[in-house]
Every structure is written in structure tokens, then in C-alpha cells.
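Asks: Would you mind keeping the following structure in view while I ask a few things?
The values are calculated or read from the model by the stated rules, or taken from the named source; none is laboratory data. This structure is a prediction, so every number in the text was calculated from the model and none was measured. When we count neighbours, we look across all protein chains shown, and the Cβ atoms used for this are built from the backbone with ideal geometry, even at glycine. Just so you know, the surface numbers come from the protein's heavy atoms only, side chains and all, with ligands and any DNA or RNA stripped out. Shrake-Rupley method; radii C 1.70, N 1.55, O 1.52, S 1.80 Å.
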Amino acid sequence: MNNIFLDTIHGKNTERPPVWFMRQAGRVLPNYRALKENYTFSELMEDPKLAAEVTWMPIYDLGVDAAILFSDILVVPEALGMSLKFTDAGPEFGAPLHTFDDPVAQLKRDMSKLDHVYGAIDKIIETRAEGKPLIGFCGGLLTTFCFMFRDNVRDITFKNATEFLYKNRKASEQIIDALAEVSIEYALTQVKHGVQAFQLFETYGGLIPEDLYLELFLPASKKILNAVRDAGVPTIYFPKDLGNGIKAIDKEVADFVGIDWRMSLNHAREIVDPEVGLQGNLDPRLLYASQPEIEKVLNEKYLPFGRDNQKWIFNLGHGILPDLPVENVKFVIDWVKSVDWGRK
Ligand code: CP3
């Protein structure tokens, strides 16, 4: 397949950076909102035909260079026996892990819970938008761990999870290992069904001290990413808010690292292994501004970086927010595809 996203992630030179956005398949799209009038998020995700339709939607409606599987990171705890509901306010587990004396004993593997995802991937591949690659994903280990302990759908402090982590180090390690084991099998099965790149979404990578993250979560994360790469698929690791901790993500860990908006791409480029590519890092909230203001930032910050750096995938520093003006989302994508990057 000849595609600018695949070329870049495989290390080939291109005339412009490829562009896709985290959380591109969702509420910012009018066609997605129209579907949501008739179906819940779970119905969309669990029906292969609908999941395929939503997966390809941003290719047609926004013009991005790659699609990402329409699913959610929290299906992995379901495969460890936890019951999950997506409410209007967000995802909720029936029995969060801190409510048990022995949470580890609660984890009962049932990989068949993930079958709907593979059915969706088959349909996505069958209905592929011509020449467009599919990105697979799973949740980062700390982020997934945090949600497994959450008992309030609005809580983003993840007190239960962090308290448990400090009080029960050994049990925490067992939960991390169980998550990693399921994630490896899940990721490899996604690869078998045809995903062409793979991203690990560690949204809450900045929740605990950097050294603790690197000690407790990096080794198991590396195992997931290495398993995928050994199966021939390039990897992107997005440990949001890990700060200078991203120095630890060398070529042995991942092919690309996602940069959040707090750190400049230039600083990231200085500290990350030169063999590792970067992805990011436009602040999604800039898309609330007017188009001339957006364009000024693109011209001043992103054009020079993209001229000088081939190993870079244009993306946001976190996911699209549901209330961003869709015309501004499109404006940025059109800009990336039409500006003269001056690459030699
Ligand atoms: O990027 C994509 O468009 C692909 C699909 C995708 C979804 N969730 C669909 C979704 C991906 C990659 C995710 C990842 C995810 N899910 C993360 C990590 C990345 C991030 O954005 O931080 C997290 C923490 C979750 C857990 C989750 N799922 C939350 C907290 C919520 C509710 C809040 C929200 O963001 O909407 C969800 C629901 C969810 N997952 C929706 C979508 C499209 C919204 C469902 C709806 O339309 O009502």
C-alpha cells in the first residue's frame, strides 16, 4: 500500500508530514452525531458494520491520512472479567477493583469478550477507503489501571487507584502483569486481523512521579510494544505528561513517541533518541481560535519543524474535544496537506 502515513512511520522521506488526529472518529463529526441519535456508543462499537462506518468516517469527512479503529481502551478490563457500561457522562465499571479485599483474585480472563473488536477489524479491512491504513490501539497500563479502580464517572484524580498503588505494591504489579498479558494477546490479534500501525494510549502518564512510572509501567509497556513490532507492525507510544521521562523511550521501546502540548517539539527532538520519530503536538484548544490565528501558529511553529524533520507525524497533543468547530479541524488538516513544506 502506497501511503504517506505508512511511508513516514516506516522511515521513508515524504514531501509533507502525514496527518491524523487522536479521537478523530467521534462527536466532532456531524455524521457521527447523526448516528448517535439512533445508536449508543456501545452499539456503534460492537456492531462490525457500524464500527467500520465510523472508523472510515474521518477519512471521508476530514481528509486525514490514516484511520484508527473505532473502539475503546476499556475493553481490556472487560476481558479480565470486569463489567463495563458507557454512560452519557463516561465509562463506568460495575464493581471497581478497590471494592474487593483481594482485587487480583477478581481478575478472570475471558478473551472472547474481545471478539467483537476482531469482527470490526475484518469489516473495516473489507470496506477499506482506498489506500488508507488502519491504526490499532490499546490503553496504556497506568491509564487502564486507573479506570479499573474508579467509582465516580467524573473523577479524574484517580484517588482509589493511586492509593491502592502505594498501599499494595505487590498486588498492583500483579494487576499490571495481568493487563499486559491480555494486552499483548489483544494487540497481536489486532495485527493478525490487519492493523498496520499500533498506538499505546497512556493518557494519564503524568499522574505519578516519572521515576515510579518508568520503574513500574515502562517494562510491561515495552513488552506490549515489542510484541507488536516483532510481528512486523510499527508502534507509537503516547505517554501524555511524562515530561522529560520520554528520554527513556528509545528505539528499543517504540518507533514513534507521542508528544503532548506541554512540551515543544523542538525540546522533545533534543531529548528523544534520534532514531525514534515524534507525533503531535498541537494543543487541541487552539482550534477554538479564529482561522488566521490558527494559521499563524501553524506557520510559525509547525512549518519550520516539519521542514527540518522527516520523522514526524502531525497530530494533536491530545484528542479532539467534542465541541471544537469541525471547520477548524478540517482547516488544520487542509493546511497540512496544501502548504509548501520546503522539504528537499
Ligand atoms: O481516536 C479515536 O477516535 C478512536 C476511538 C477511541 C475512543 N476512545 C472512542 C470513544 C479511542 C482511541 C479511545 C481511547 C480512550 N478511551 C482513552 C485514551 C485517549 C484519551 O482520549 O484520553 C480513554 C482515557 C478512554 C476512556 C473513555 N472512553 C472515556 C473517558 C470516555 C468518555 C469521555 C469521552 O472522551 O467521550 C470514553 C467514551 C468514548 N470513547 C467516546 C468515543 C468516541 C464517546 C462516546 C460518545 O460518542 O458518547
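Asks: Give region 53-72 a look and list any residue that's touching a residue at least 40 places away in the same chain (Cβ under 8 Å) and within 14 Å of Tyr118 (Cα to Cα), or say none.
Replies: Hits for region 53-72 are Thr55, Ile68, Leu69, Phe70, Ser71.
Conditions (1) near the ligand (Cβ under 8 Å from one of its atoms); (2) touching a residue at least 24 places away in the same chain (Cβ under 8 Å); (3) in contact with a strand residue (DSSP E or B) (Cβ under 6 Å, 6 or more places away or on another chain), marked per residue:
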{"site": "Met1", "(1), (2), (3)": "no, yes, no"}
{"site": "Thr14", "(1), (2), (3)": "no, yes, no"}
{"site": "Gly26", "(1), (2), (3)": "yes, yes, no"}
{"site": "Glu37", "(1), (2), (3)": "no, no, no"}
{"site": "Pro77", "(1), (2), (3)": "no, yes, no"}
{"site": "Ala95", "(1), (2), (3)": "no, no, no"}
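Asks: Next question, about the same structure. Out of region 39-54, which residues are more than 9 Å from the ligand (Cβ to nearest atom) and surrounded by 21 or more Cβ atoms within 10 Å (Cβ to Cβ)?
Replies: Ala51, Ala52
Asks: Scan region 315-344 and report the pairs whose first residue is modelled with pLDDT of 95 or more and open to solvent by 50 Å² or more (accessible area, probe 1.4 Å) and whose second residue is in a loop (DSSP other than H, G, I, E, B) and away from the ligand (no atom under 16 Å from the Cβ), with Cβ atoms within less than 8 Å and a gap of 6+ or a chain change.
Replies: Final answer for the pair search is Lys337/Arg16.
Asks: In region 249-268, what count of residues is obtained for those that are surrounded by fewer than 18 Cβ atoms within 10 Å (Cβ to Cβ) and either among the small types (Gly, Ala, Ser) or more than 16 Å from the ligand (Cβ to nearest atom) (or both)?
Replies: The qualifying residues number 6.
Asks: When you check Ser71 against the structure, is it among the small types (Gly, Ala, Ser), closer than 29 Å to Arg27 by Cα and assigned to a helix (DSSP H, G or I), yes or no?
Replies: No; evaluated as a whole, the condition is false for this residue.
Asks: Any idea how many residues of region 228-247 are in a helix (DSSP H, G or I), touching an Asp or Glu at 6+ places or on another chain (Cβ under 9 Å) and open to solvent by 10 Å² or more (accessible area, probe 1.4 Å)?
Replies: 4
Asks: Output the residue which, of all residues in region 89-107 that are among the hydrophobic types (A, V, I, L, M, F, W, C) and part of a loop (DSSP other than H, G, I, E, B), is surrounded by the fewest Cβ atoms within 10 Å (Cβ to Cβ).
Replies: Ala89
Asks: OK, next. Can you tell me which condition Gly81 does not meet? The list is (1) open to solvent by less than 60 Å² (accessible area, probe 1.4 Å); (2) within 14 Å of the ligand (Cβ to nearest atom); (3) free of Cβ contacts under 8 Å to residues at least 60 places away in the same chain, and all the others hold.
Replies: Failed condition: (2).
Asks: Among the listed residues Arg169, Arg150, Arg154, which satisfies the condition of being free of Cβ contacts under 8 Å to residues at least 12 places away in the same chain and either in contact with a strand residue (DSSP E or B) (Cβ under 8 Å, 6 or more places away or on another chain) or more than 16 Å from the ligand (Cβ to nearest atom) (or both)?
Replies: Arg169 is the lone residue from the list that is free of Cβ contacts under 8 Å to residues at least 12 places away in the same chain and either in contact with a strand residue (DSSP E or B) (Cβ under 8 Å, 6 or more places away or on another chain) or more than 16 Å from the ligand (Cβ to nearest atom) (or both).
Asks: Among helices (runs of 4 or more DSSP H) lying entirely in region 261-316, which contain 3 or more residues that are more than 18 Å from Ile333 (Cα to Cα) and not hydrophobic (A, V, I, L, M, F, W, C)?
Replies: Because the criterion is at least 3 residues that are more than 18 Å from Ile333 (Cα to Cα) and not hydrophobic (A, V, I, L, M, F, W, C), the helices (runs of 4 or more DSSP H) in region 261-316 that meet it are 265-271.
Asks: Sticking with this structure for a sec: Could you say whether any residue in region 108-118 is over 20 Å from the mean Cα position of the chain (by Cα), aliphatic (A, V, I, L, M) and part of a loop (DSSP other than H, G, I, E, B)?
Replies: No, because not a single residue in region 108-118 is over 20 Å from the mean Cα position of the chain (by Cα), aliphatic (A, V, I, L, M) and part of a loop (DSSP other than H, G, I, E, B).
Asks: Okay, next question. Can Lys123 be described as farther than 20 Å from Leu188 by Cβ, in a helix (DSSP H, G or I) and away from the ligand (no atom under 11 Å from the Cβ)?
Replies: no
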